[in-house]
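What follows is a single structure, written as C-alpha cells, with notes after it.
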Amino acid sequence: MNMTTNHAQAYRPYLHFAPNENWMNDPNGLVYFEEEYHLFFQYHPYSSVWGPMHWGHAVSKDLIHWEELDIALHPDEHGMIFSGSAVVDRENTTGFFPDKPGLVAIFTHHLDGEEGENPVETQSLAYSHDYGRTWKKYDGNPVLTSTTKVDFRDPKVFWHKETSKWIMVLATGQTITIYSSSNLLEWQYESEFGEGIGCHDGVWECPDLFPLSVQNSDENKWVMLVSTGDTPEIGIGSKTQYFVGHFDGSTFVPEPASVNWLDFGKDNYAGVSFSDIPNEDGRRIYVGWMSNWLYANEVPTDGWRSQMTVPRTLSLQKKEGVYQLIQEPVQELDAYFTKKQDIDEQIDQTCSYDIHESYIDVNVTIDGGETKEYGLNIHHTPEQFTTILFNRNNNSVKVDRTNSGKTEFSKHFPVEQGLELEDSEQVQLSILIDSSSIELFLQEGEYALTSLVYPDQACERLSFFTKDRMIKVNGTIHTPV
C-alpha cells in the first residue's frame, strides 16, 4: 500500500506530511536508518476522527517528500498502540539482531479499563529486520509497568554513551520519570523530574531529552521537551514547553528560569526529535503535530485529518545568561524553491507583491523606525487574508486568522495568537506558507508561531503596511518553479 499525495484535495499540503486518508496525531518513532528517515505516527485507519490507535508509517530521503507505507503496529491483547520512539540497536543489546543492526520500537500499550476503572498503560517493544517494513512484537511484552501511575506513557528512548546504557524518559501524569536499561528489556528507575517547575495546566505528555551545543561556545547543555495537554478550564489548548539543563545519565537538573514555550502558535504539539542522525550530519531535527486538541477532530479537511510541521533544526543560544532554543526549517526545504523575488522598499502606507503560488517562503527584515504599528497581510484570495501585526507600544506580534478562510468549525480557532518580543523596532521574519498552514519564525528562529489556516488557496498576494510612519523592508520571496 504505497500512497502518493493528491493535491486535488482541498487543503492538502505540498511541503508537510499528511496521511493519504483518515486520522493522524502525534509523531512517533522518528529515526534515521540506512539512508531513510522514518516517521511513524498515531493513526486511526477507519475514520478521520480520533479512534483506536495504530502506528502509521512513512519514509523519506529528504524530510519533505514522504512515501506512506503499510501500518506498522496494530492493537492487540495489551491494548491500543499509543506514542513512543524507535532506535537502532547497533550492538544487539536486545538479542534481536544477531546478524546486522535493526530497528526497535518502544511504545505505550493503552488498555481501556472496565466501566468505572482506570485504563492501564504499559511500555512494550517491537522490532524489525527489514528496514521497518514489517514488525514483530516482543514475546515478553510489556517490559515496563506501574502499579501507581494511571498516566504512564510516551517513552522516548536514546543511548547514553557516557554511561553505556539506554535511557527512557516517560510521561507520568505531572512529571517525567527517567529509567535506564542495558538491553531495552529490563528497566530500572533513575529519577523523576517536574515537581514545582514549568506549566502544569494539563497532563504532561510526549517528553524528549537530548544534548545540544550552545552557539559560539564550547558549552553543551541538555534540553527536555514536555507537551502539556488541553484542559477545558484553561482554553488555550495543547502546547509544548522546554527546559534547558544538565543530565548525568540519571537525573535531569534544569537551569533556574521560567517556563519556555517551544511555539507561540496554536498548532504545534507532541513534537519529538529524530534518533540516530549520523554524527557527520550532527543536526537535532524536530517534527511536531500541526494541530490542537481544542479543535483537532473538527478541522474542515475531507477524508483525512492532520499534518506535521515542517522538520526543524534545533540549536541553542545563550542570550543575557538565558538559554534559548532556536528553530529553523531544515535546509532540505531549499530545493523546493527555485525562483526568488527580492524586496527592498521604503513603505509609507502599503506595498504589495503578487504571488499566485501553491506554497511560498518569505524571508524579510522589517525596520519599523518610529511607527507604532506595522505588519503584513497574507492575501490567500481577494476576500481571505491572515494578518501578522507588530505593535511597538508593547513589542507584541499577533497572528490574526479571523478572515483566513474557514474558521466557523470551532469558536477556538479564530482567537488571536501572539507573543511579546524583546524589541520590535527591527524584526526578522521567515514565513513558510503552504496550502493550509503558516509557520512563522522570528528573529532568526528565536521564536516560532505555527498556525493552521483553511483558505481557498495558499497565497495570491503579500502586502506590507504601516499605520503611521515609514518602514523599510528588505528580503526575498522564494517560490517554486
Next item on the list: Sort out which residues of the range 147-161 are open to solvent by 40 Å² or more (accessible area, probe 1.4 Å) and within 28 Å of the chain's Cα centre (by Cα), and write them in order of number.
Entry: Lys149, Val150, Asp151, Trp159, Lys161
Check: Is there a residue being in a strand (DSSP E or B), open to solvent by less than 30 Å² (accessible area, probe 1.4 Å), closer than 23 Å to Asp468 by Cβ and touching a strand residue (DSSP E or B) at 6+ places or on another chain (Cβ under 6 Å) anywhere in the range 397-412?
Finding: yes
Notebook entry, point to check: Consider Asp281 against the criteria (1) under 18 Å from Val49 (Cα atoms); (2) not in a strand (DSSP E or B): it satisfies all of them except one. Which criterion is unmet?
Noted result: (1)
Item checked: Complete set of residues in the range 50-98 that are within 28 Å of Ser182 (Cα to Cα), assigned to a loop (DSSP other than H, G, I, E, B) and either touching a helix residue (DSSP H, G or I) at 6+ places or on another chain (Cβ under 7 Å) or in contact (Cβ under 8 Å) with a residue 24 or more places away in the chain (or both) -> Ala72, His78, Thr93, Thr94, Gly95, Phe96, Phe97
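Within the range 313-350, count every residue that is of a type in the set (Val, Ile, Thr) and open to solvent by less than 60 Å² (accessible area, probe 1.4 Å).
5
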Notebook entry, point to check: In the range 431-452, is there at least one residue being part of a strand (DSSP E or B), over 19 Å from Asn391 (Cα atoms), of a type in the set (A, V, I, L, M) and in contact with a helix residue (DSSP H, G or I) (Cβ under 8 Å, 6 or more places away or on another chain)?
Noted result: yes
Next item on the list: Within the range 212-219, identify whether any single residue is over 26 Å from Asn268 (Cβ atoms), open to solvent by 40 Å² or more (accessible area, probe 1.4 Å) and small (Gly, Ala, Ser), and answer yes or no.
Entry: yes
Checklist line | Output for the range 282-312, where each listed residue is open to solvent by 10 Å² or more (accessible area, probe 1.4 Å), closer than 17 Å to Val31 by Cβ and touching a strand residue (DSSP E or B) at 6+ places or on another chain (Cβ under 8 Å) | finding: Arg283, Arg284
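Just to be sure, is His57 within 18 Å of Lys136 (Cβ to Cβ), open to solvent by 50 Å² or more (accessible area, probe 1.4 Å) and at pLDDT 95 or above?
no
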Check: Out of all the residues in the range 351-359, is one or more open to solvent by less than 10 Å² (accessible area, probe 1.4 Å) and closer than 19 Å to Ser451 by Cβ?
Finding: no
Check: Can you find a residue in the range 289-301 that is within 30 Å of Arg90 (Cβ to Cβ) and not polar (S, T, N, Q)?
Finding: yes
Check: Of all residues in the range 220-241 being open to solvent by 10 Å² or more (accessible area, probe 1.4 Å) and under 21 Å from the mean Cα position of the chain (by Cα), which is modelled with the lowest pLDDT?
Finding: Gly235
Note to self: Out of Phe413, Phe409, Phe385, Phe390, I need the residue that is touching a helix residue (DSSP H, G or I) at 6+ places or on another chain (Cβ under 7 Å), closer than 26 Å to Asn292 by Cβ and aromatic (Phe, Trp, Tyr). Which one?
What the structure shows: Phe409
Checklist line | Residues of the range 69-83 satisfying the condition of being open to solvent by less than 10 Å² (accessible area, probe 1.4 Å) and either on the phi < 0 side of the Ramachandran plot or of a type in the set (D, E, K, R) (or both) | finding: Leu73, Ile81, Ser83
Notebook entry, point to check: Do you know which of the residues in the range 248-268 that are in a loop (DSSP other than H, G, I, E, B) and open to solvent by 60 Å² or more (accessible area, probe 1.4 Å) is modelled with the highest pLDDT?
Noted result: Asp248
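The values are calculated or read from the model by the stated rules, or taken from the named source; none is laboratory data. Since we're looking at a predicted model, the values are computed, not measured. Here Cβ is always computed from backbone atoms with ideal geometry, including for glycine, and neighbour counts include all displayed protein chains. Heavy atoms of the whole protein, side chains included, go into the accessibility calculation; ligands, DNA and RNA do not. Shrake-Rupley method; radii C 1.70, N 1.55, O 1.52, S 1.80 Å.
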